[in-house]
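Please treat every number below as a calculation from the coordinates, not as lab data. All values derive from a computational prediction rather than experimental measurement. So basically every Cβ, Gly included, is an ideal-geometry build from the backbone, and we count neighbours across all protein chains shown.
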Amino acid sequence: MKDITLHVKWLIKAPLTEVFNMMTDFEKWPEYFPKVAESIRIIKREGNSLEMDATVKSFGQKFPVKMKTVILPLKGYISNNESPKFGTSGREELLLSLHPEGTMIDYTYQVSIHKRWLRIVAKPLIGWFSMKYWQKAVIDELRKRLEK
């Protein structure tokens with residue numbers, strides 16, 4: 001198995017509560033971020049712990065993903081995600097902090113690659129491309145909606 005750790009920070013010039021509310025309203029992700037989320041359905045909720053079934057879009061395809069997510073009030077979320085069809089699993093952390101100009105998003109995704117063919121291209125494909133795509137599909141949309 002091959003593991004890749006992706007890490008990036010983005011500044012959003014908007015209040016932390018607004019960024020938090022939008023980023024943790026998972027069932028509205030298909031509306032907010034249609035380039036990455038086709039559907040997200042909460043199937044179990046216990047306090048701040050969620051289990052979700054999602055259909056995500058990546059690399060021109062759609063993939064089912066099982067998500068076990070813990071919402072950290074006003075701090076973001078941590079999610080363990082599994083996509084057998086794509087051949088990956090991982091731990092996603094989206095952590096928010098106050099910044100003099102708005103909200104800092106500190107994003108880390110530790111990905112395990114289970115399919116042999118994907119390991120060959122994993123670092124450039126999942127590393128560079130997916131972070132650039134996520135910035136365009138999620139962060140840029142977040143900025144359009146929240147930055148004044």
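For K9 and K75, calculate 0.36 nm times their separation in residues minus their Cα-Cα distance, and state this gained length in nm to one decimal. Intermediate values should be presented prior to the final figure.
On the way: separation 66, 0.36 × 66 = 23.76 nm, distance 1.43 nm.
In short, 22.3 nm is gained.
Can you sort M22, M131 from fewest to most other Cβ atoms within 10 Å of each residue's own Cβ?
On the way: M22 19, M131 16.
So the ranking, lowest neighbour count to highest, is M131, M22.
Can you flag which of K68/K148; K9/K75; K66/K144; K44/K136; K28/K144 are past 25 Å Cα-Cα? Spell out each step's value before the answer.
Numbers: K68/K148 33 Å; K9/K75 14 Å; K66/K144 28 Å; K44/K136 30 Å; K28/K144 16 Å.
Exceeds cut-off: K68/K148; K66/K144; K44/K136.
Between A54, T5, F20, whose Cα lies farthest towards the positive end of the dipole of the stretch 2-146 when Lys and Arg beta carbons carry +1 and Asp and Glu beta carbons carry -1, centred on the Cα centre?
Farthest along the dipole direction, towards plus: T5.
Would you tally the net charge around H7, using a Cβ to Cβ cut-off of less than 10 Å, leaving H7 out, and scoring K and R as +1, D and E as -1?
-1
Just grab the label-to-label distance for K35 and D53, each label 7 Å out from Cα along the Cβ direction, in nm (one decimal).
Spacing of the two 7 Å Cα→Cβ label points: 2.8 nm.
Mind listing the phi-derived Karplus ³J(HN,Hα) values for the stretch 43-49, rounded to whole Hz, using 6.51, -1.76 and 1.60 with θ = phi - 60°, and x for any glycine or proline?
So the J values, rounded to whole Hz, are 9, 7, 9, 10, x, 8, 9.
Order of 7-14, 23-30 by packing, highest average Cβ count within 10 Å first?
Numbers: 7-14: 15.2, 23-30: 17.4.
Output ranking for 7-14, 23-30: 23-30, 7-14.
Tell me, what ³J(HN,Hα) does each residue in the stretch 98-107 have, in order and in whole Hz, if you take phi through Karplus 6.51 cos²θ - 1.76 cosθ + 1.60 with θ = phi - 60° and put x for Gly and Pro?
5, 9, x, 9, x, 10, 9, 9, 10, 10
What is the magnitude of the charge dipole of the stretch 2-146 about its Cα centre, with +1 placed on the Cβ of each Lys and Arg, -1 on the Cβ of each Asp and Glu, and no other charges, expressed in debye to the nearest 20?
On the way: 24 positive and 16 negative charges, 124 e Å.
It works out to roughly 600 debye.
In whole Hz, what ³J(HN,Hα) sequence does the stretch 12-26 give by Karplus (6.51, -1.76, 1.60; θ = phi - 60°), x for Gly and Pro?
For the stretch 12-26, the Karplus-derived couplings read 10, 7, 7, x, 4, 4, 5, 5, 4, 4, 6, 6, 9, 8, 4 Hz, x marking Gly and Pro.
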